[in-house]
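Taking it in order: structure first as structure tokens, then the write-up.
The values are calculated or read from the model by the stated rules, or taken from the named source; none is laboratory data. Everything numeric in this text was worked out from a predicted model, so none of it was measured. For neighbour counting, all protein chains shown are included, and Cβ atoms are generated from backbone atoms with ideal geometry for every residue, glycine included.
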Amino acid sequence: MLMTLFNIQRARTLSHATRGMAIGITLLLLAGCGTLGNANNRPAEPEPDLSELVHAAAEQMVASNPELTRYSPMIAATFVSIDNLSQSSTLGRISSEIMASALARQGMQVREVKMRDSMFIEESVGELILSRQVQRLTAQHNARSILMGTYAQGQDYVYVSARVVRAGDAMVLGSADFRMPLNNNTRSLLEGQGGW
């Protein structure tokens, strides 16, 4: 009988020890899962804004053709919708402005030409260079190159393509492309074209 009590007591002790180990292992596993879950739930990195994307594109443009700055001075035209080259938006106007500024930082001389007699300016559109006026315009401002660009609205992104062309023969001297998420800020910039 004494032996039976001893065996029962020993079984209970082992049972408590086993339960304790099981609880300990479970807690360690849960702690590990919690750590893994936190690693996967890091806050998303902020999306690059238009200015960052344009400045990176300007750097890329000059890096791909270091001789680009030899074609100064440059004049800039408003970027237009790829679907309608006579249509632009706030996005097209500000993209052109930021790109001209970014190229100036890269060493390009940029001429400001917001004058009615040299550019075709339509209210809410901006400066659109008419091809028949390019020769007169470049001669008038002694420009050797022109910044031009287009953009296209997709379902999730807006795609922008910028290029600097030689004024004399329209040869592309440098180009860069980028895309930006179609978020509320981008939609707001596109509203002026009658789209979003």
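Here are the numbers:
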{"read-out": "The stretch 141-169, subset modelled with pLDDT under 90 and farther than 14 Å from Ala76 by Cα, residue surrounded by the fewest Cβ atoms within 10 Å (Cβ to Cβ)", "value": "Asp169"}
{"read-out": "Subset of the stretch 142-196 (residues that are basic (Lys, Arg) and closer than 17 Å to Leu103 by Cβ)", "value": "Arg144, Arg163, Arg166"}
{"read-out": "Hits in the stretch 162-181 (condition: charged (D, E, K, R) and not in a strand (DSSP E or B))", "value": "Asp169"}
{"read-out": "Whichever residue in the stretch 92-115 is part of a loop (DSSP other than H, G, I, E, B) and charged (D, E, K, R) and, among such residues, is farthest from Ile82 (Cα to Cα)", "value": "Glu112"}
